[in-house]
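Pasting in a structure now, in structure tokens, and then I'll have a few things to ask.
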Amino acid sequence: MTIDWASFTPWLALAGGALIGLSATVLWLGMGRVAGISGIAGSLFSFQAADGDRSWRLLFLLGIVGGAVLVHLLTGGLFEVRSGYPMGLLIGGALLVGIGTRMGSGCTSGHGVCGIARLSMRGLLATLTFMATAFVTVYLIRHVIGLGGLA
Amino acid sequence: MKNLIALAAGLLFGAGLYVAMMADPNKVLAFLDLAGAWDPSLALVMVGAIGVSAIGFAVSKRMQASISGQAFGWPKLTRPDLKLLGGAALFGIGWGMTGYCPGPGFAALAINPAEALPYLLAMIAGMVIWDRLLARKP
């Protein structure tokens, strides 16, 4: 393993992570809801919200879109926008993300952040599982199938 | 008040994802590519996010209800099962294929719509397929 120190951004990573943690805290202490993006999006778009309340879910997701683009404009852009990525890989992967997060009741935010933060065994095991399959998938795509040229 | 809290939390979440550069799938894939030039940044995103939200969850154990009066929605399932692990495994494959998990998909919508829009539409289709078709089967 070689570590790419030139690309390592520890302070931005910690600061961004802290903001995500603050968001999860605001949603939990403010209204008792777990900041799990796949759960919020899934129950919104499948019309299956347990409490039947779609408005706060929509506003939360619109807030994510707006918060990100706001910082993008304020900073003048922290990274190059990716282009030319194979559309089949993007669409096929997105379908698996949708099915998998609903089947497994969560994603990086619900299991990885909130689940581990509240010491949930389900959250920890789910996180270890999706990290493992993500590592293997990227290894296969870049180093076995040989789409390594993909940024 | 609920809607205002949700909007504020969403803005913070989106800002955090952007500052952490998780809205950049190249950055995410550089973390997931252990055999390449590995960028460990995302591990620190998790440290920051878990560290801060752990305080919130700990504080809530001493509260009767949330600030808006709504009861805390503690997740009902507590035991791991095959559905949890199978779903997480599929999700990880999709994450590795795209470089986007659901949050960054939304965060990238206005920044890189050429990728984020088809990603989100396919992700939502997958969610509806599970919720409406697969989960219903006996």
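The values are calculated or read from the model by the stated rules, or taken from the named source; none is laboratory data. Because the structure is predicted, anything quoted here is derived from the model rather than measured. Reconstructed Cβ throughout: ideal geometry from the backbone, glycine too, with neighbour counts over all protein chains shown. Keep in mind that these areas ignore ligands, DNA and RNA; they rest on the heavy atoms of the full protein, side chains included. Shrake-Rupley method; radii C 1.70, N 1.55, O 1.52, S 1.80 Å.
Looking only at region A:101-121, which residues are of a type outside the set (A, V, I, L, M) and free of Cβ contacts under 8 Å to residues at least 12 places away in the same chain? Give the steps one after another, and end with the answer.
Applying the first criterion (of a type outside the set (A, V, I, L, M)) to region A:101-121 yields A:101-102, A:104-112, A:114-115, A:118, A:120.
If the condition is that a residue be of a type outside the set (A, V, I, L, M) and free of Cβ contacts under 8 Å to residues at least 12 places away in the same chain, then A:118, A:120 are the ones that fit.
Could you tell me which numbered condition residue A:15 fails, if it satisfies all but one of (1) farther than 25 Å from residue B:121 by Cβ; (2) small (Gly, Ala, Ser); (3) at pLDDT below 95?
The one condition residue A:15 does not meet is (3).
Same structure again: Residues being loosely packed, with under 15 Cβ neighbours inside 10 Å and either closer than 10 Å to residue B:92 by Cβ or charged (D, E, K, R) (or both): count how many of those fall in region A:129-151.
Here the count works out to 1.
Working only within region A:102-128, note down all residues that are open to solvent by less than 10 Å² (accessible area, probe 1.4 Å) and not in a helix (DSSP H, G or I).
If the condition is that a residue be open to solvent by less than 10 Å² (accessible area, probe 1.4 Å) and not in a helix (DSSP H, G or I), then A:104, A:106, A:107 are the ones that fit.
For region B:33-138, which fully contained helices (runs of 4 or more DSSP H) count at least 3 residues that are surrounded by fewer than 21 Cβ atoms within 10 Å (Cβ to Cβ) and facing chain A (nearest Cβ under 7 Å)?
Details: elements: B:41-60, B:82-98, B:102-107, B:113-128.
Counting at least 3 such residues, we get B:41-60, B:82-98, B:113-128.
Let me ask something else about it. Determine the pairs where a residue that is at the interface with chain A (Cβ under 7 Å from one of its Cβ atoms) and on the phi > 0 side of the Ramachandran plot, located within region B:1-29, has a partner that is surrounded by fewer than 23 Cβ atoms within 10 Å (Cβ to Cβ) and part of a helix (DSSP H, G or I) with Cβ atoms under 8 Å apart, the partner being 6 or more residues away or on another chain.
Listed by first residue and then by second, the contacts come to B:21/A:12.
Also, I was wondering about something else. What number of residues within region A:58-101 are part of a helix (DSSP H, G or I) and hydroxyl-bearing (Ser, Thr, Tyr)?
Count: 2.
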